[in-house]
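This report refers to the structure that appears directly beneath it.
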Amino acid sequence: MTLDEIMIKLAELGSEQTKKTFVNHGAKEPLFGVKVGDLKKLVKYVKKDHELALALFNSGNHDAMYLAGLSINPKTISKETLQDWVKKANWYLLAEYTVAGVAAESQYALELAREWMRSEEEMIAVCGWSTYANYLSIAPDENLDITEIRQLLHQVEVSIHEEKNRVRYVMNLFVICVGAYVVSLHNEAMKVAEKIGKVHVDVGKTACKVPLAVDYIQKIDQKGKIGVKKKTCIC
């Protein structure tokens, strides 16, 4: 399928109700309002066409951009493209999920995560923390820099409640991912989770809630899933 054909299909799949939901969460125009499940059905038409995936993201349409993230090969995407994508991720779903998921599975995961986490731009910082958190969920523990992760846990502990809105959300996610996926730091992550307690995030006109890190990690522990890695973090 061509870019025009994909865009026509996205328009057909969109609904005003889904669009309204996305807008309430912070989505920016243009968008058709296509459910993620329906986007996944289109991946087969894009997956082997790298240039089509790039064109979809560059369209600026939210649905097309999300589809691009589901379809692109993270092993072949360039660092320059990821740097371009993070600048165009204009709301948290694209920053926390689309760009972060692809970046986490790319060869530039840690390099870009470290750079983006330091950004003064909220969505870029969000993408950085989410990229690192996602990387923890798929990377073998022997590939992790335990000292660095411990330092980042401390950073979260002392600064999370003063950070920008969505940065607070992904910092909380980072603690959860350390506690859930990094066996040697599980206990330390639990202590940090206890200290930071409830994290307040403005989620707009939605019923979304910020997970309590302690409870979330404990539920994973009760299922015997601590340290069990995911095959992919792109979703």
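The values are calculated or read from the model by the stated rules, or taken from the named source; none is laboratory data. Given the structure is predicted, the values throughout are model-derived calculations rather than measurements. Heads up, the Cβs are rebuilt from the backbone with ideal geometry, glycines too, and the neighbour counts pull from every protein chain shown. What goes into the accessible areas is simple: the full protein's heavy atoms, side chains included, and nothing from ligands, DNA or RNA. Shrake-Rupley method; radii C 1.70, N 1.55, O 1.52, S 1.80 Å.
Against the chain, whose longest principal axis is taken from its Cα atoms, helix 186-196 shows a tilt of about 80°.
Each residue of region 176-182 was assigned a 3J(HN,Hα) from its phi angle through the Karplus curve 6.51 cos²θ - 1.76 cosθ + 1.60 (θ = phi - 60°); the sequence is 4, 5, 4, x, 8, 10, 10 Hz, with glycine and proline shown as x. Once C-alpha pairs closer than 8 Å and six or more residues apart are averaged by separation and normalised to the residue number of the chain, the relative contact order reads 16 percent.
Local charge for residue 105 was computed over the other residues whose Cβ lies under 12 Å away, with Lys and Arg +1 and Asp and Glu -1, and equals +3. Taking the Kirkwood radius as Rh and the Cα radius of gyration as Rg, region 41-100 has a ratio of Rg/Rh equal to 0.92. Considering all different alpha carbon pairs of the chain, the Kirkwood hydrodynamic radius works out to 18.2 Å.
Computed over region 109-156, the Cα gyration tensor eigenvalues convert (square root of 5λ each) into semi-axes of 18, 12, 8 Å, ordered from largest to smallest. Placing a label point 7 Å from the Cα of residue 195 along the Cα-to-Cβ direction, the residues of region 122-141 whose backbone N falls under 20 Å of that point are 129, 133. Residues 201, 170, ordered by accessible area of protein heavy atoms at a 1.4 angstrom probe radius and largest first, appear as 201, 170. Can you pull the percent of Cα pairs in region 24-162 with separation above 22 Å? For region 24-162, the fraction of Cα-Cα distances above 22 Å is 38 percent. Charge dipole of the chain (Cα centre as origin; +1 on each Lys and Arg Cβ, -1 on each Asp and Glu Cβ, all else neutral): 740 debye, rounded to the nearest 20.
In this simple spin-label model, placing a label point 7 Å from the Cα along the Cα-to-Cβ direction at both residue 80 and residue 183 gives a separation of 4.2 nm.
Let me know the whole percent of all Cα-Cα pairs from region 1-74 that are separated by more than 14 Å. Counting pairs separated by more than 14 Å, the tail of P(r) holds 54 percent. Of the residues 153, 81, 125, the one whose Cα sits farthest towards the positive end of the charge dipole of the chain is 153 (charges of +1 on Lys and Arg Cβ, -1 on Asp and Glu Cβ, taken about the Cα centre).
Near residue 200, once Lys and Arg are set to +1 and Asp and Glu to -1 for all other residues with Cβ below 14 Å from its Cβ, the sum equals +2. Only protein heavy atoms count here; under a 1.4 Å probe, residue 38 has an accessible surface of about 40 Å². Take the Cα of residue 45, step 7 Å toward its Cβ, do the same at residue 145, and the gap between the two points is 4.2 nm.
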